[in-house]
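We did not get these values from a lab; they are worked out from the coordinates using the rules stated. Computed from a predicted structure; not experimentally measured. All Cβ positions, even for glycine, are placed from backbone atoms using ideal geometry, and neighbour counts span all protein chains on display.
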Amino acid sequence: MVTEKIRFFKHIQKSVIHNPMMNNELDTQELEIRKDPLTGAQSVFNPRLADKATIFFGKSDTSLIKRLAKQSQVNCFLCEDRWKRLTPTYPADLIPEGRIQIGQAVLFPNIFPAAQIHGVVRVGEKHHVPLAEFDSATVADAFETSLTLARRLKATNSGVKFLTINGNYLGPAGASIAHPHFQVVGGDLPFTYLENIMNLSRKYFQRHQTCFWNDLLELEKTVNERYIGSTGPVKWLASFSPSGANEVIGILPERSHFLEFDQNDVAGLARGLVKVLGGYAGMGISTFNFSLYSGALGETDGSFRCIIRVISRQNVYENYRTDDYFLQKLLDNELIITPPEIMVKNFRALWKTPAEASPES
Ligand SMILES: [Zn+2]
């Protein structure tokens with residue numbers, strides 16, 4: 001039984017204060033602590049914080065976003081064909097043409113790499129794209145350039161084993177340019193989080209002889225509180241104990257690493273990511289981060305599956321405060337503003353066709 005293998009841990013704590021907003025009377029607030037079923041990463045939900053959410057997340061200032069986009073468009077190296085003059089190229093033995101171009105997507109190396117492989121991908125020719133207007137064909141091309149790089153890295157015996165495809169969108173999410181772009185990063189060592197989940201997935205597999213990610217999917221479909229739906233081979237759900245605001249995870253139950261991906265996987269990922277961004281847009285959100293994780297390229301022991309994690313970040317408005325403080329950065333705890341079981345409703349509405357929304361699919 002999956003329920004004997006995976007536990008959705010919840011723990012209630014009481015915090016007691018004399019509250020000046022209640023005539024200094026004794027005020028007991030109940031906090032719900034959750035733990036991620038694989039990593040144990042904690043999150044905390046205080047229902048009373050929901051009333052204060054506007055202090056944490058001010059509304060997106062769309063006129064400010066448009067103004068900033070207009071200002072930055074003039075010198076944007078991803079706009080028009082400026083990337084042809086202004087972006088670096090890979091050595092010809094890795095990429096004969098220097099850059100990988102598919103449709104409007106172009107992948108080229110970051111001039112200041114933060115990893116052995118650090119590619120930047122132009123996601124479409126449009127400089128400013130509101131979250132509701134991302135287009136799945138454009139996003140699919142961006143994913144496809146990244147996977148082409150993965151295949152080239154393998155074919156040329158580059159020694160790169162671990163790759164992730166990531167996105168920062170707009171300043172509050174850490175992006176230094178407004179133009180939509182992805183980043184492919186990796187090397188001969190896995191990143192901390194990837195190494196952690198690969199190790200924990202392997203331990204789980206050794207203990208149960210089953211894959212954690214497929215078990216999680218089966219359990220979430222049964223519980224049906226956080227399962228959202230599928231886009232082709234990709235299955236989407238809200239995280240029980242999120243590691244970021246409004247976290248949505250996509251699982252590819254048949255894929256362990258990027259070299260196994262086919263066009264169906266790419267199309268499903270792009271379509272699902274675009275739906276999640278549409279869901280965020282409906283919630284008034286203007287920024288996001290995502291990471292798509294792969295197991296070691298060309299290797300599989302059955303314990304790991306490719307997953308994508310999408311989170312929202314602080315909205316764009318003047319004088320915003322960051323949404324990450326010591327709680328997230330140094331204590332590795334996340335604050336839940338909207339419980340995943342409530343948040344999931346924003347996405348279920350976008351998985352309208354019964355086939356995609358059904359846990360049977
Ligand atoms: Zn641009």
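Rounded if a/c is under 1.5, else prolate if a/b is larger than b/c, else oblate: which is segment 120-159, with a ≥ b ≥ c the root eigenvalues of its Cα gyration tensor?
Taking the square roots of the gyration eigenvalues as a ≥ b ≥ c, segment 120-159 is prolate.
What whole-number value in cubic angstrom gives the convex hull volume per residue for the C-alpha atoms of segment 292-361?
193
Restricting to DSSP H runs of at least four residues, report the calculated mean residue ellipticity at 222 nm for the chain, -39500 (n - 2.57) per run over all residues, nearest 500 deg cm²/dmol.
-8500 deg cm²/dmol
Under the rule of at least 5 residues apart or a separate chain, name every residue whose amide H is placed under 5 Å from the amide H of Asp323.
Under 5 Å from the amide H of Asp323 lie the amide H atoms of Gln314, each far enough along the sequence or on another chain.
Could you please state, rounded to a whole Å, how far the C-alpha centre of segment 1-47 is from the C-alpha centre of segment 149-203?
Between the Cα centres of segment 1-47 and segment 149-203 lies a distance of 33 Å.
Unpartnered cysteines of the chain (Cβ-Cβ under 4.7 Å counts as a partner)?
That list is Cys211, Cys306.
Using unit Cβ charges (K, R positive; D, E negative) and no other charged atoms, how large, in debye to the nearest 20, is the dipole of the chain about its Cα centre?
Here the size comes out at about 340 debye.
Would you please give the FRET efficiency between Gln209 and Phe8, computed as 1/(1 + (r/R0)^6) with r the Cβ-Cβ distance and R0 = 25 Å, to the nearest 0.05? Before the final figure, lay out each step's value.
Numbers: r = 22 Å, r/R0 = 0.87.
E(calc), rounded to 0.05, equals 0.70.
Answer rounded, prolate or oblate for the chain, using the Cα gyration tensor with square roots of eigenvalues a ≥ b ≥ c: rounded when a/c is under 1.5, else prolate when a/b is larger than b/c, else oblate.
Because a/c hits 1.5 or more and a/b fails to exceed b/c, the chain counts as oblate.
Neighbour counts of other C-beta atoms within 10 Å: give me Met343, Met21 arranged from fewest to most.
Listing Met343, Met21 from fewest to most nearby Cβ atoms yields Met21, Met343.
Taking 0.36 nm per intervening residue step and subtracting the Cα-Cα distance, what contour gain separates Asn199 from Asp332 on full extension? Write down the numbers at each step before the final one.
Working: separation 133, 0.36 × 133 = 47.88 nm, distance 1.82 nm.
The Asn199-Asp332 span can extend by a further 46.1 nm.
Please list the helices of the chain that count as membrane-span-like by this rule: a mean Kyte-Doolittle hydropathy of at least 0.0 together with Cα atoms stretching 15 Å or more along the helix axis, each helix being a complete DSSP H run.
136-155, 263-282
Can you bin segment 178-269 into rounded, prolate or oblate? Criterion: square roots of the alpha carbon gyration tensor eigenvalues sorted a ≥ b ≥ c, rounded for a/c under 1.5, prolate for a/b above b/c, oblate for the rest. List each step's numbers first, then the result.
Details: a/c = 1.38, a/b = 1.10, b/c = 1.25.
Here segment 178-269 falls in the rounded category.
Give me the extension gain from Ala355 to Gln73: residue separation times 0.36 nm, minus the current Cα-Cα distance, reported in nm with one decimal. Display every interim value, and only then the final one.
Values: separation 282, 0.36 × 282 = 101.52 nm, distance 4.10 nm.
Full extension from Ala355 to Gln73 adds 97.4 nm.
Calculate one ³J(HN,Hα) per residue across segment 120-134 by plugging θ = phi - 60° into the Karplus curve 6.51 cos²θ - 1.76 cosθ + 1.60, and present them in order as whole Hz with x for glycine and proline.
Once rounded to whole Hz, the list reads 10, 10, 6, 9, x, 8, 6, 6, 10, 10, x, 4, 6, 10, 5.
Once you've got the Cα coordinates, tell me which of Lys70/Lys345; Lys14/Lys35; Lys161/Lys275; Lys154/Lys221; Lys203/Lys235 are over 28 Å apart.
Result: Lys70/Lys345; Lys161/Lys275; Lys154/Lys221 exceed 28 Å.
When the Cα centres of segment 252-306 and segment 59-135 are compared, how far apart do they sit, in Å?
20
Counting other beta carbons within 10 Å of each Cβ, put Asp265, Asp81, Asp141 in order, fewest first.
The most exposed by this proxy come first: Asp81, Asp265, Asp141.
Working from the pairwise distances between different alpha carbons, so that the mean of 1/r is found and then inverted, what is segment 1-40's Kirkwood radius in Å?
12.5
Charges at C-beta only: +1 for Lys and Arg, -1 for Asp and Glu. How large is the resulting dipole of segment 217-336 about its Cα centre, in Debye rounded to 20? Before the final figure, lay out each step's value.
Working: 11 positive and 15 negative charges, 67 e Å.
For this selection, approximately 320 debye.
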